[in-house]
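J.: Below you will find the structure I want to go over with you.
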Amino acid sequence: MRDDNPYLLSEINEKLDGIMLRLDQMGDQVVGLDERFHEVLARWTHYREDLTGSHDEMHRAIAQDLHSFVCQKLLRLAYMRSRAAGSTPTGRQTAQLVSALCVSYLGPAEIDLSRVRRMLKARKGDECWQAAGQAALQAKKIFAAARAQGAEFSWDYDYSQGFPLDEERQQVWSNCDPEADVSFVVVPGYVADGEYYLLQQVFTKTVDSGI
């Protein structure tokens, strides 16, 4: 078959047009995810500042480190997973992934890095694989610093599905509806000596879509 075959050239051009269209669509999706990512970072800012004393300052500092860890590392991992998949997840799907990441990084047991990498579908040595490992190292440093200061704390994962928001210990995740019933915990609360230094982040339903 000759290179100047008009039918072959037409077929090649058609396929190239399809590829370029798909790339444009994926570019729009990534831009949307990036905007959503920064919106969530801006919204998740609540932590306790009303307590006083050196002991409370220590827990506030730890809470702030954990707040930054979730915003800068775990949300970023969720964003990277969506980008690699070339899809746009719903608000619920993103929250569910962040929730699973929190359990693996901030659970009562040791950090389960293998589980994290499986959830993210990371391939050995790729960007997501390395980012997951870096997040594990950061989490370990936070916990080591806390233990070095003699800090004792716990994670609050307890919630009542289908019940209204408990404003004493919960706040809604991202753009969820605060008037809707709780569906699941996205980020656990940070509790020390009976005080909440970070409230739970819970998913209800998104204000814009109702999902």
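The values are calculated or read from the model by the stated rules, or taken from the named source; none is laboratory data. The shown structure was predicted, so the numbers you read here are calculated from the model rather than taken from an experiment. No Cβ is skipped: glycine too gets one built from the backbone with ideal geometry, and neighbour counts run over all protein chains shown. Please note that ligands, DNA and RNA were not included when accessible areas were found on the heavy atoms of the full protein model with its side chains. Shrake-Rupley method; radii C 1.70, N 1.55, O 1.52, S 1.80 Å.
J.: Determine, from the Cβ-Cβ distance of Gln64 and Glu168 and an R0 of 25 Å, the FRET efficiency 1/(1 + (r/R0)^6), rounded to the nearest 0.05.
T.: On the way: r = 21 Å, r/R0 = 0.82.
Result of the calculation: an efficiency of 0.75.
J.: Further question: Where does the charge balance sit around Ile142 when Lys and Arg score +1, Asp and Glu -1, over other residues with C-beta under 12 Å from its C-beta?
T.: Values: positive: Lys73, Lys140, Lys141, Arg147; negative: Asp65.
Spelling it out: positives minus negatives among the neighbours equals +3.
J.: While we're looking at this one, here's another question. Modelled label-to-label distance, Ala109 and Gln134, 7 Å Cα→beta-carbon offset: nm?
T.: The two pseudo-label positions are separated by 2.7 nm.
J.: While we're on this one: Which order do peptides 147-155, 83-91 fall in by mean Cβ count within 10 Å, highest first? Before the final figure, lay out each step's value.
T.: Details: 147-155: 12.3, 83-91: 15.0.
In decreasing order of mean packing, 147-155, 83-91 become 83-91, 147-155.
J.: Continuing with the same structure: Probe 1.4 Å, all protein chains in place: accessible area of Glu168 in Å², nearest 10?
T.: Glu168 exposes around 150 Å² with every protein chain in place.
J.: Between Gln72 and Gln161, what FRET efficiency follows from the Cβ-Cβ distance if R0 is 30 Å, with the result rounded to 0.05?
T.: 0.55
J.: Roughly how many nanometres apart are two label points built 7 Å out from the Cα toward the Cβ at Ala84 and Glu57?
T.: For Ala84 paired with Glu57, the spin-label model returns 4.2 nm.
J.: Once ligands and nucleic acids are excluded and a 1.4 Å probe is used, how much of Asp112 is accessible, expressed in Å² to the nearest 10?
T.: 60
J.: Starting from the Cα of Gln149, move 7 Å in the Cα-to-Cβ direction to define the label point; list residues of the range 54-85 whose amide nitrogen is under 15 Å from there.
T.: So the set is 54-69.
J.: To the nearest 10 square angstrom, what accessible area does Leu137 show with a 1.4 Å probe?
T.: Approximately 110 Å² for this residue.
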